[in-house]
1. In region A:339-372, what count of residues is obtained for those that are of a type in the set (Lys, Arg) and either at the interface with chain B (Cβ under 10 Å from one of its Cβ atoms) or assigned to a loop (DSSP other than H, G, I, E, B) (or both)?
2. Give the residues of region B:129-160 that are crowded, with 19+ Cβ neighbours inside 10 Å and within 14 Å of chain A (Cβ to nearest Cβ), sorted by residue number.
3. Kindly indicate the residue of region A:53-66 that is open to solvent by less than 70 Å² (accessible area, probe 1.4 Å) and at pLDDT below 95 and also farthest from A:MET228 (Cα to Cα) among those meeting that condition.
4. Looking at region A:305-337, which of the residues that are open to solvent by 60 Å² or more (accessible area, probe 1.4 Å) and free of Cβ contacts under 8 Å to residues at least 60 places away in the same chain is nearest to the other protein chains (Cβ to nearest Cβ)?
5. Looking only at residues in region A:277-304 that are modelled with pLDDT under 85 and not in a helix (DSSP H, G or I), which one is most open to solvent (accessible area, probe 1.4 Å)?
6. Those residues that are surrounded by 15 or more Cβ atoms within 10 Å (Cβ to Cβ) and part of a loop (DSSP other than H, G, I, E, B), I need them from region A:611-622; list them, please.
Amino acid sequence: MWSEKTKKTTCMNLNSFCLSILLIAFASQSYSQKKDIVWGEIPADELAMKVYPHDTTALAVVLADYGQLYLYRGDGGYELHLIRHKRIKILDEKGLGYADVGIPFQHENGVERIKGMNAQTITASGRKIALGEKDFHTEKINESYSAIRFTFPDVQAGSILEYRYDFFSKQLYQLPDWNLQEEIPVKYSELILTNDLPLVYTTLCKSGEYMNSRALPGGGTVYENPPMRLTLQPSKYLIENAPALKEEPYTTTLEDYRISIKFQLSEIIHANGLRENFISTWEDAAKELKAHPKFGIQYLRDRFSKKIVEEVKTVFTADMSQEDKLKAVYQFLNSRLKWNEKYDFIAERNIDDVWATGGGSKAELNLLCIAVLRQLGFTAHPILVSTRGNGLMEVKFPLLSQFNYVMAGVDLGKGMFLVDLGEPLRPVGLPNRNALNYHGWLVDPDNSVVISISTPVCRDIYTTAINVSEKGALSGSFRTSFSSYSALAERRDRLSDSSADYWQKRFGNEGQLAISNATEENAADVHLPYIVKFDFEQADKDHLQESDVLYINPILYSSFFKAPFHTKTRLYPVDFPYPFEERNVISIKMPPNYAVEDMPEELNIELPAQGGGFKFTTKIVDDTIQIIGQISITSSRFKPDYYPSLRVMFNRIAEKYSEPIVLKKKS
Amino acid sequence: MNQPVLKLLTMALLLLPVSLKAQLDLSLSAANIPDSLVKEANEVVREDRTMVSIKSEKESYIKYRRVVTVLNKTAHGNHLIVYYDKDSKVAKIEANIYDAMGQFVRKVEKSEIKDYSAVSDFSIYEDNRVKYLEVVYPNYPYTVEIEYEQTLKGINHCVYPALYLQSFHSGVQQFYFAIDMPAGQALHWRALNIELQPKKQTIDGRDVYIWEAGNLKPVAREVMSPATSTILPMLLTTPDKFQLNEYSGSMSSWKDYGAFVNELFKGRDLISAELKSVIHQLTDNLNDPRQKIDTLYRYMQQNMRYVSVQLGIGGWQPFDAQYVWNNKYGDCKALSNFMKAMLNEIGIKAYPALIYGGENVEVEILPDFARPFFNHVILYIPDQQYWLECTSKTSPPNYLSSFTANRNVLLVTEEGGKIARTPSFSTQNNGASQYTRISLEDTGAAQISIKNTYKGSYSDLPRYFAINNNTNDFREWVADYSKMPSFELKTWAAKQSSRSSECQISMDAHSFRYASKAGKRLFVPTCPLQAEHPGVPEDVKRKHPFVIRESYALLDTVELAIPQGFRIENIPSEKIDLSSSFGEFHLQVVKEESRLLVLRSLVVNASTLPADQYGVYRDFFKDVAKWENMKIVLVAIE
C-alpha cells in the first residue's frame, strides 16, 4: 500500500501546528500506564470534588483522558487501533453542554470505524446510569465523514461522565491528533504509542515557549510551568494540570496555541532494511506535486488550458506591458470564474471542466490561473499556504498535510507577484486575507523555497478642510483614499448597497453631518486606491448661536475612536493580518476675529521593536489650524510582553481623537 | 398499457438528448422579460410550478419546477433546499443553466448537490436531512431551470404546501400550483394578499385544483416591516383529513388540529412514585398556587436540560414525562409535557402552547385557518394566566422573551385547539432605569459608578451576566456601549430577581479621560453607559407600514460632580421635550452648587404606523441621539 507515492499528497485537511520540539517515535517501546483507569471506579476525591483547585472558575474538567494507540498488521493491511477512555467532571450547571459528545470518523471507503462504544453517567452520589446501544446515533456529516453523537443522561453539577471506544483506521500517513489541552482544564491526559510496523513517525508537539524544560534520564523531556507539567518521551506523551485554552481577540487561530501531539509518517523501512524517506526534502515534495494528476499535471499539460488561453488572449492589446497583461489575465479570469468558498490545494476536477462550469475551489481556480499564465509565457508557480484559521505553517519539514490553500507566485523580474483569484475586487498582489499567515511554500522543483508572505501597507488617508462659522458650525470638504484591504472592504460594501444616500450613511456620523456632492474615483479600477470626495455641512446648525467661545471637534472620521484592547494582560500574541496606517490631515479655517484659545497637545508614541506608533502634530498658520494624526502598525505580531504598550497607544489615540479645539473671539 | 410497450417508450425517451429542451431556447433569453418585473428585482421567476398529488391520507408526491433568471449575486432563486428524511425520499433533482441569450450552457452535475444533516445546532440528533443546491454561473444575467420530485410521508405529508407566490426582490412571470386528490375528499385553502381562485375539475375520479397567477412585480424588503405573511402574496393549503402513523387527524379547524395534537400528548404525562414524592415534598407546605408553580418550574430548570432528539413523528409527539425524569433532558415538547405532568400531580391544569418562535414574526398564525407554522412549544396555565418557557434554565417564571412574546399560539386543550395570544411588553415591564454618578477630576479622569435596573427584553443580557459572571464578557460589553474612549473596570455585579424579569447591574469604573480636555476646559458626555435603543436606518421610499414591536421606557438619572475650581461654561440645552404619536423624550439639566443633575426619559409605545410616518420616526430618533450625545463644557475658574 505504500508504493503509491502520490497518496502522500492526498492526505490533507488536518490541522497544522507550530513546532518547538521534535521527537522520532520508532518501534515499540512498552510502557505501563502510570495511573490506572478502571471503568466506573472513581477515586473518592474526584467524586467529592466541587471546584477544580487549579481553576476555580472551570465549569467542567477533564479528569482523565487515556489513549493507547497500536499500529499493527491486520488482515487487510496496516491498521491502527486507538483505545480511548475519557472521564469528565461537570462542576457547574453551565457546563452541562460538555455532556453532549460527537466523535467524527471518515466512513468513506471504510477508512475509519468506531466500535465498542460505552458511556455512563456517575452521579455525585455514585449512582451509575449507562447508555444503551440505542442512545448512540451515527450521523452522516457529509460524503466523507460521519459522527457518533450521544448525550449523557441525568447530568447535574457534580456528575462524572465517562466513555470509551475503539477507533480503527487504515490511514497511517498521519495518526490521529492527541489534544493535551482543551477548552476546559485537563487534570491528566496520556497517550501511549505501540508501533509494530516498519514505519517511522515524526512527532510534533507545540509546547509553550514560556516553560522550563529538563531532560529525562531515559530519554525525553519534561516541560514545567507549575502546576502544569508536560512529559514527552519516545512513544509516551502525558500532561498534568493543563490549564483551559482561552479565546482572545486578534489571534490567528486558537489551534496555534493548543498543546497537542501530531504524528507524521516520515520513513518506511523496507524488508531489506533500507529506509525510505517519506517526508522528503522540499525539492522532492515539489517534484512529486509536479507529477500529481490533480496538481502539477493541471498546469503543465497544455491540453487542459488551450481553449481558455485562446479566450484570454482576446483581451490583450499590442501596447501592453507584462504587468498590464498579468492584470488583464487576472481580471478576465476573475470575471468568468466564481470561487465556491472552498479552501484546498488539490483540484478535484480538471481545469477545463472548471472553466466550463464557471467556478470552483481555491485550487481549481488558482491552478487554472497558473496554467494560463504559463502558456502565455509568464514564470508562474504555485505557492502553498496554511490559512490563518488553519494554523501556522511548519517551515522546517515539508509536510503537505498542513496546507489548505494555494495561490500563484508570478515572477516579473522585479520580485514576486502574489496572484489569487476568487474576488474580482481584490487587485493582483493581494491574496485573500486568510492566506496572510506569515509563510508560504513556492512549489518550484528547481528552486523550492519557503517564502514569507507580505503585502504592502494598507493605507487609509483622510484629508479634511474645515471652515468654521461664527456660530461654530462646520462645513467643508472631505477626501478619503483607501488602499489594499481597506479598499476591498469599502468597494465591497459600496457594491452591496447602491442607495443614493450611501455616503451619508457611511460618513454622516449618524446624521450629524449633511453630505453632498459625493464622487468616487477608481471605483472600478481595483489596482488604484479607492477615492471618495464630498462636501459636508453640520446638519443642525439652527440651535447654534453666535458665541464668543466656539468648540470644534476636528477629527471627523477615524477607525480608532474607540480603543480595541480592554484587558490589562494577555496570554497569546496580538496578531494583525497585515501592516496598516491611518492618516488624518486636517486644516481648519477659523472665522474672522477668532483665535485659538486651546488646542489638543501634540503627542508622539513609538511602539517597541519598531512595531509602529502614533504621531499627532498641530500647527497654526495665520487663520488656519493644521493637524496631522498618523497611526501606523508595521509589524504583524506583538508578543504578550509588548501588549501593554500597544494597549496604551490605542487608548491614547481614542482619547486624543475626542479632544476639541476651543476658539475665542478676539477682544 | 402492456409492459413491453411501456419499456419501449421509456427507452425512446432515454434516447432523446439529455434535456428535452432545445439547446437554444429564445423564450429563456433575459431580453424577453418585461421591464416592470426587473425593477428592484434580484431575479425574475419565469415559471414556478408545484404539483402535489395526494395519494392517500398517508402519502403524497410533489413535483416542482422553477425557471428563474438570476440578475445579480444577491439573488436566491439559484438556490434549492429540499428537506427529506428516510420516509420522504427525494426522487430526483435536476438543474440546467442557460446564458443571457437563452443558450444552454450545461447540466448541473450530481456532485454539485450537497447533502447535509438538517440538525440544528442545539439538537443532538434528528433524522431530518437536506439536499442543497446552489447553481453558480459567473455572468449575469443567466437562467436556471430546476426540477425536483419527492415522495412525502409522515409530517412532511401531513403539512400541505404553504407557498409564497413570490419572494422579496423577485418578479414572477408565471406561477402555477396544482393539487389533486381522490374526488370528494375536502381541501382547505386560503389566498393571502392576493385575489386568487382555483380552477377545480374532476378527472378520472380525482379532484384537481389549479391556481395560476402571473406578472407579479417585485416587492422590496423594508426594515421594521410587518410579518412577511401580511405583505407577500401567499397560498395556504391544508388537509381535511390526514394520518400520521396510527393517529388520524383533521386540519379543518384549529379545534380539530388541537384535538389531534392532544391525542399525541395523551398518556405521556404519567409519572413515577419517586417523582410524585419529590413534587409533594417541594409543594405541600406552600399555599399560593403561583408559589407552587414557581417552585416546580425552578426545580425543572435546575434539574433538566434542553436536548433535542427528534426521530420519526418526534417532531410532533413528545417523549413521555418518565423519559425526561430518567434522562434529565428533553426538547421543548418533552420539557413542557414534563412540567405539565408535574403540575397535574398537584391539581394545576396546564396546556401546551404551539408557537412560532423568533425575534421577528415572519408568519402570523391566522385565527380562522388551521395551517400549522410552529417550531416551538411553551406551557400555559389558564387559572393563573401564566406562561412558562420550559427550555430555559434561567428565565424567571411567567416571563416570555422577544422570542415568544406578543403572537398567536395554539393551546392544546382537552376540548381541542384554541388560539390565544402571548403577552406583549409594556412600558411598565420593559426597559431600563439607570442611575449614574460621575465624579470628575480636573484632568478629565472620572470615577464612574452606575446602578441600573433592567426589565423585560432589556433584562436578557444583564441576566446572562448575572448567571455567567464572566468579567471579560462584561468588560467587552461595557467597551462596546460606553462613551468612554478607554476605561478600567474596578468592580461589578449583576443580580437577577427570582420572581420577575428584573435584573440589576452595578459597576465602578475609572476612566482616564472621561471628559476630553482642551487647555482649561473639560468636555463632559452626560451618560457613560447608554441603554441601547433601535437604530433607525434611512429608508426614504418605503411602501409598507412599519412596526414598533415592543414598548419600552428608558430612564436616566446622572449626577455629575464638578471638580473644584471649575464652572459650567456651556450646556447645549437645559430642557428638551419631544413628543410624537409613538413616544416621548424629555431632558432636563438641573444645576446645583457643585454638581449637575441630568434627567432623561425616553418612552416608546408599540405601534404600527403608516409608511409616510417613517421620516417622522427617523427624525425623532436623530434628535434623541443628538441630545444623548451632548457634551457639557466646564471651564477652569481663573
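The values are calculated or read from the model by the stated rules, or taken from the named source; none is laboratory data. This structure is a prediction, so every number in the text was calculated from the model and none was measured. Heads up, the Cβs are rebuilt from the backbone with ideal geometry, glycines too, and the neighbour counts pull from every protein chain shown. Just so you know, the surface numbers come from the protein's heavy atoms only, side chains and all, with ligands and any DNA or RNA stripped out. Shrake-Rupley method; radii C 1.70, N 1.55, O 1.52, S 1.80 Å.
1. Qualifying residue count for the region: 2.
2. Correct list: B:ARG129, B:LEU133, B:VAL135, B:VAL136, B:TYR137, B:PRO141, B:TYR142, B:THR143, B:VAL144.
3. A:LEU59
4. A:ARG336
5. A:ASN277
6. Across region A:611-622, the qualifying residue is only A:GLY611.
This table checks each residue for (1) open to solvent by 30 Å² or more (accessible area, probe 1.4 Å); (2) modelled with pLDDT under 95; (3) away from chain B (no Cβ under 14 Å); (4) over 24 Å from A:ILE453 (Cβ atoms).
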{"residue": "A:ILE625", "(1), (2), (3), (4)": "no, no, no, yes"}
{"residue": "A:ILE628", "(1), (2), (3), (4)": "yes, no, yes, yes"}
{"residue": "A:ARG637", "(1), (2), (3), (4)": "yes, yes, yes, no"}
{"residue": "A:ASP641", "(1), (2), (3), (4)": "yes, yes, yes, yes"}
{"residue": "A:LYS664", "(1), (2), (3), (4)": "yes, yes, no, yes"}
{"residue": "A:SER667", "(1), (2), (3), (4)": "yes, yes, yes, yes"}
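Per-residue answers, yes or no, for (1) among the polar types (S, T, N, Q); (2) touching a Pro at 6+ places or on another chain (Cβ under 9 Å); (3) within 14 Å of chain A (Cβ to nearest Cβ):
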site	(1), (2), (3)
B:PHE319	no, no, yes
B:ASN326	yes, yes, yes
B:SER336	yes, yes, no
B:ALA341	no, no, no
B:ILE346	no, yes, no
B:GLY358	no, no, no
B:VAL363	no, no, no
B:ASN375	yes, no, no
